[in-house]
Amino acid sequence: MTKLRLGVNIDHVATVRNARGEGYPDPVRAAEMALAAGADGITAHLREDRRHISDADIDRLAAITRRRGRPLNFEMAVTAEMEAIALAHRPHAACLVPERREEVTTEGGLDVVKGHNTIAPVVQHLRAASIRVSCFIDADPAQVAASAAIGAQVVELHTGAWCQAVREGLSGADALLEKLRAAAAQASGLGLEVHAGHGIDYETVKPIAAIPQLMELNIGHFLIGEAIFIGLGPAIQRMRALMDEARSERAA
Ligand code: PXP
């Protein structure tokens, strides 16, 4: 099986920084440390309300990832403002996410079926600028098919519901994992690259990493939280090791 890439989302370093309205801790320093610790790329979400990552952070993240030849995955709402920012920076990848001001985090996947007419032109413009486009969707066959039809090259499957079900010991957890597996197989069959993310921690990473079609995981909140206790580098290295273990156990 191919090696699973790890994208580290550094948004919540900016959340802590913004709690004081000053410059520390710096998410760009976290991005540098993440890359040094084995992250394959950096993910950042510039939200409309700028609650964590700022425009200046994106400028600097684009510069350091370009300098190091590592991918920047720019998570963005499907808006004219975000499209213009993406086109100005030309990150390696853009992941289209739904965004509601009142939500605490990205609570569900993008509705590509209903949003077709709004999303399709944005996909086209980003692709024309050589930005790889991903749609962050729920593990739903209609959303997978719509993402392929709209011209996205990647789908990122929202793992949040399954991770939460595992943490809360809910009986529906197995069925949710099965849906993720089926969506990954469907997407791959349609020629899409398949990623996954949201809510992943040490406990949930292995069953996800064992899904053979997955090429990349994007993990943020847990790693930044764990960094408080053991440091960012060791937290990333432990996550990386669990991902590799899951892959080698599956191959064995
Ligand atoms: N992938 C996407 C598309 C996201 O929106 C997020 C959260 O910003 C993540 C991955 C990472 O989720 P978490 O912070 O829960 O690990």
Residue in segment 63-85 that is nearest to the chain's Cα centre (by Cα), counting only those that are over 29 Å from H116 (Cβ atoms) and open to solvent by less than 60 Å² (accessible area, probe 1.4 Å): T65
Top-ranked residue in segment 167-206 [being under 26 Å from L232 (Cα atoms), open to solvent by 40 Å² or more (accessible area, probe 1.4 Å) and in a helix (DSSP H, G or I); ranked as nearest to the ligand (Cβ to nearest atom)]: R167
Pair list, Cβ under 6 Å, 6 or more apart: segment 205-225 residue in contact (Cβ under 8 Å) with a residue 40 or more places away in the chain, other residue open to solvent by 40 Å² or more (accessible area, probe 1.4 Å): A210/R250; P212/M1; M215/E193; E216/R5; H221/H12; I224/H12
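Considering each of S147, S130, S134 in turn, give the residue that is open to solvent by 20 Å² or more (accessible area, probe 1.4 Å) and not hydrophobic (A, V, I, L, M, F, W, C).
Just one listed residue meets the conditions, S130.
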Residue, nearest to the ligand (Cβ to nearest atom), within segment 30-44, restricted to residues that are surrounded by fewer than 24 Cβ atoms within 10 Å (Cβ to Cβ) and within 16 Å of the chain's Cα centre (by Cα): G41
In segment 1-29, the residues that are in a loop (DSSP other than H, G, I, E, B), surrounded by 15 or more Cβ atoms within 10 Å (Cβ to Cβ) and not aliphatic (A, V, I, L, M): P25, D26
Residue match in segment 230-237 (condition: part of a loop (DSSP other than H, G, I, E, B), open to solvent by 50 Å² or more (accessible area, probe 1.4 Å) and not aromatic (F, W, Y)): no
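The values are calculated or read from the model by the stated rules, or taken from the named source; none is laboratory data. Worth saying up front: this structure is predicted, and the values here are computed from it rather than measured. Ideal geometry is used to build each Cβ from the backbone, glycine not excepted, and the neighbour counts take in all protein chains shown. Surface accessibility is based on the protein's heavy atoms, side chains included, excluding ligands, DNA and RNA. Shrake-Rupley method; radii C 1.70, N 1.55, O 1.52, S 1.80 Å.
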